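Working notes, structure below.
Nothing in this text is a laboratory measurement; each read-out follows from the coordinates by a stated rule. Source: prediction; values computed, not measured. When we count neighbours, we look across all protein chains shown, and the Cβ atoms used for this are built from the backbone with ideal geometry, even at glycine.
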């Protein structure tokens, strides 16, 4: 209860902030801060506080309010709206499956933060996969790649280069995520999703030199 006013205040500040890149950077800082704090806690303290840390991090990372606002502008029965309504409940499952596939595909991969199997790295990857999915749904509902191009792409380049993530991981990540999403879509839904997935891959391919790629 003592934390609730602080969380509500943070949520309001988050809603009022216009610079999404600032919010994205805040997500990374929260992740590092949460990890440091959790490492200092007992098992019982971790169990009690982790849900709050996770909530605060998700408030900064995932644009759910914007997804809801974009969804509200669609007519009932809109194919894009139905698609997102069906995909949202399984987004976290998709992220978990793609993470497991990444570990199998790149068992020896390391960044500055460690291997893909490290607990903190696993947490960050799952959060980031959920972030990618939430921005994918937002783009579909807004019928534009602008949110991804002007917000998430910039954040990814800033953060991923700082921790030594290479194009190999991003390229594999995009392919696995795209395949998993498309596997859950109907043929008509794939026609909606594919242009956005292709566009996202193209945006990253154009920026691959920032990820120290050697194609």
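If I model a spin label at residue 47 and residue 106 as a point 7 Å from the Cα along the Cα→Cβ vector, what separation in nanometres do I get?
Each label point lies 7 Å from its Cα, and together they span 3.5 nm.
Based only on other Cβ atoms within 10 Å, what is the fewest-to-most ordering of 68, 112? Before the final figure, lay out each step's value.
Values: 68 11, 112 8.
With the sparsest Cβ surroundings first, the list reads 112, 68.
When a footprinting reagent is the concern and you count Cβ atoms within 10 Å, what order do 133, 197, 157 take, fewest first?
Values: 133 22, 197 19, 157 15.
In increasing order of surrounding Cβ atoms, one gets 157, 197, 133.
Taking other Cβ within 10 Å of each residue's Cβ, how do 208, 127 sort, fewest first? Don't jump to the answer; show the numbers that get you there.
Numbers: 208 15, 127 19.
By the 10 Å Cβ count, ascending, the order reads 208, 127.
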